[in-house]
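> The structure follows.
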Amino acid sequence: MKVGYLIPTREAVMEGRPEVTPLLGLACQAETLNYDSVWVGDSLLARPRHDPLTLLSAIAAQTQRVRLGTAVLLPAYRNPVLLAQQVATLDQISQGRLILGVGIAGDRPNIRAEFTSAGVPFKGRVGRMQEGLQLCRKLWAGEAVDWTGRWSLEQAVLGPKPFRLGGPPIWGAGSHPNALRRAGETMEGWLPIWPAEPSGWRTQYDAVLNHAAVSGKTPTTGAIYLTTFIHEDEKIATAAIDQFLESYYDVPGPVMRKSQACRGGSLERIEDWLQEYREAGVEHVVLRFAGDHERHIEQVSSLIKNLV
């Protein structure tokens, strides 16, 4: 199982520390400590943070090996022609290290307001994302594209093409049955933030794989996004996660833990938890630390060799 690390862009803005240099330092630290990937989230106004594609470009320029991912990008906010160009450029800068994690965002008042602020209708966001990604893939081929739909193109040719032939792999978020179907039928990976138990993840992943098989597609890579905090006292660790989740989402921590995969405790307990996901078939894990990032990056790095 490959281990990735989520850069705390949201937390940096929340805490009034938007400077990019420390974030770049965390990415470089993760690469030095043999993490497989680093990831950046996405939001405009609902959960303010750095633009993910811009920040990943800076990380790409300062790293050599570590893969770069969005966890997750919201394509529906973006014109797909512009998005295709940005992603192709980032893929060139990183020399093919990009993974494009994508999602549709949850149905909450601040998310609906964010769509309004972007001038994009909330209704139909799934179809908008799907069509936009299909158009991106067409443009990434580097050939003339004719398109009639939400966007209209005539003999449009995008340059540059991505470094990776056909563009970066696209991983879909979400655990709704429709999200499982999308991931299986049209995407290269599945990156949910739930369910909280490995057995539940396996059941849903089997559904993803079934959709891929029925569609005649290569099996979809299985991943998961986990939130953790390491402390010898499990109650203190769980309290830290609850405080983090409440400040991040403005929803009580215990409520959020029912809809996200979270675990706090000793390093040994966290290793056991990760091993359970590994045994369930998870190929990639993206770790979000509920604070104290330098310490957590260092501590978890000692587990990486045991999870491969």
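Only the coordinates and a few stated rules stand behind these numbers; no lab work does. Keep in mind that what you see is a predicted model, and the values were worked out from it rather than measured. Note that each Cβ is placed from the backbone with ideal geometry, even for glycine, and that neighbours are counted across all protein chains shown.
> How many nm is it between the label spots at Asp233 and Glu268, if each spot is 7 Å from the Cα in line with the beta carbon?
1.9 nm
> Taking 29 Å as the cut-off for C-alpha to C-alpha distance, list the pairs among Lys138/Lys258; Lys2/Lys123; Lys123/Lys258; Lys217/Lys305 that go past it.
Too far apart for the 29 Å limit: Lys138/Lys258; Lys2/Lys123; Lys217/Lys305.
> Would you please state which residues of the stretch 178-195 a label at Glu279 would reach in this model, taking the label point 7 Å out along Cα→Cβ and a backbone N cut-off of under 12 Å?
none
> Could you tell me the center-to-center distance, by alpha carbons, between the stretch 270-295 and the stretch 162-218 in angstrom?
19 Å
> How many angstrom lie between the Cα centre of the stretch 95-110 and the Cα centre of the stretch 227-256?
23 Å
> Compute the length gained on full extension between Gln299 and Lys217: take 0.36 nm times their separation in residues and subtract their Cα-Cα distance, giving the result in nm to one decimal.
So the chain would gain 25.7 nm between Gln299 and Lys217.
> Taking neighbour Cβ counts within 10 Å as the exposure measure, how do Thr186, Thr228 sort from fewest upward?
Taking fewest neighbouring Cβ atoms as first place, the list is Thr186, Thr228.
> In Å, what Rg and Dmax follow from the Cα atoms of the chain?
18.8, 62
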